[in-house]
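K.L.:
Here it is, the structure, as structure tokens.
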């Protein structure tokens, strides 16, 4: 059981960054690569939440989750109650609006001050189409930062939910059904991400982070800012719902809630299954009658090694230039650096190079080409 909002202090002192900074954007949006098809995407570029993608029926009003056994937990047992009209949740009510959802500069901001409630939206069946494919591989990317952290936690969930409608004893947090959680509070959990119940401690909550979950060949991996944090974890659980905010009702007092903004959410389906390496850099440095090729990885999962290919024009044929496989040196938690010197080149001639990585099953992926023109004025390395 995950207690995602505990240790309530009435009007707790908050750690605040900016609540709606006028100059934060534009920042880079997420991009899954040219080999993926977009299945679900929201860049929050509109003036209001897209009600076609998201259920906003109780975003800042109406029902909230009442759990009288564990204060502030959106786990069961409990009940969805319209706390603006019904005081059966320990005799307390809350008049709307339940905080604010603001769209500005291609971000969505969630915030609530001196309230028993926080904004809450979701996307999932039966009211909305699932943002995830029902079978097969997918990649989910979220770009998010916190703007204030208090004892009342908030965040992002991706889970399997048979029925995401706020009806009866149907908790938003269910052990065994959660795939990804990004959460922050000041007193209990801190700033963490969870993948299938496994936890990663995170840092610098007031900066944007890119969270990427890859579900490839039955295994989940979580990358934060291109660094592998969790996985690979074997699972056949497929999420069908995303929810954002916190639907819990705090019946014994008000709270300045943890606030955050989201820049992008994207779910893509790979056209071809990618290999599980994270390439940090790939460069071609020209020299005298040679080109020095350097590449670095930040993580390698089941990687067998690399090949290098060279072409003499943008539309020319790429020919492998290494005689044998360049063996992998990295691991899932630690990358490696590699170098190959191509001496079979002419000065003042353009060459393009592609890097291929191959996993232990023989699956391979090519990376975007780099260019070099060797010249005699360079000192040899």
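We did not get these values from a lab; they are worked out from the coordinates using the rules stated. Because the structure is predicted, anything quoted here is derived from the model rather than measured. Heads up, the Cβs are rebuilt from the backbone with ideal geometry, glycines too, and the neighbour counts pull from every protein chain shown.
K.L.:
So, in nm, how far is label residue 85 from label residue 271 when the simple model puts each one 7 Å beyond its Cα toward the Cβ?
P.N.:
That separation, rounded to one decimal, is 5.1 nm.
K.L.:
Would you order 321, 277 from fewest to most other beta-carbon atoms within 10 Å of each residue's own beta-carbon?
P.N.:
321, 277
K.L.:
Right, here's the next one. Under a GNM of the chain (C-alpha, springs under 10 Å), which listed residue has the highest mean-square fluctuation: 91, 76, 253?
P.N.:
Top of the fluctuation ranking is 91.
K.L.:
Next question. Kindly state, to the nearest 0.05, the FRET efficiency for residue 68 paired with residue 127, given R0 = 22 Å and r defined as their beta-carbon distance.
P.N.:
The pair residue 68/residue 127 has a calculated efficiency of 0.25.
K.L.:
Work out how much length residue 347 to residue 280 would gain on full extension: take 0.36 nm times their residue separation and subtract the Cα-Cα distance, in nm to one decimal.
P.N.:
Answer, rounded to one decimal: 21.3 nm.
K.L.:
Still on this model: Can you tell me the mean projection area, over all orientations, of the convex hull of segment 277-372's alpha carbons? Units nm², please.
P.N.:
Taking the Cα atoms of segment 277-372, their convex hull projects to 5.7 nm² on average.
K.L.:
What does the extension gain come out to for residue 38 and residue 217, with contour length at 0.36 nm per residue minus their alpha carbon separation?
P.N.:
Result: 62.6 nm gained on full extension.
K.L.:
I would also like to ask the following. When Cα extents along the principal axes in Å is calculated directly from the model, which label among [x] 84, 44, 42; [y] 62, 59, 48; [z] 82, 42, 35 fits?
P.N.:
So the structure-derived entry is [z].
K.L.:
For a label point 7 angstrom out from the Cα of residue 329 toward its Cβ, which stretches of segment 280-294 have the backbone nitrogen within less than 12 Å?
P.N.:
So the set is 294.
K.L.:
Between residue 234 and residue 315, what is the spin-label point distance in nm, taking each point 7 Å from the Cα along the Cα→C-beta axis?
P.N.:
4.8 nm
K.L.:
Going by the alpha-carbon gyration tensor, a ≥ b ≥ c the square roots of its eigenvalues, is segment 188-316 rounded (a/c under 1.5) or, if a/c is not under 1.5, prolate (a/b greater than b/c) versus oblate?
P.N.:
prolate
K.L.:
Residue 252 versus residue 367, label points 7 Å from Cα toward the beta carbon: distance in nm?
P.N.:
5.3 nm
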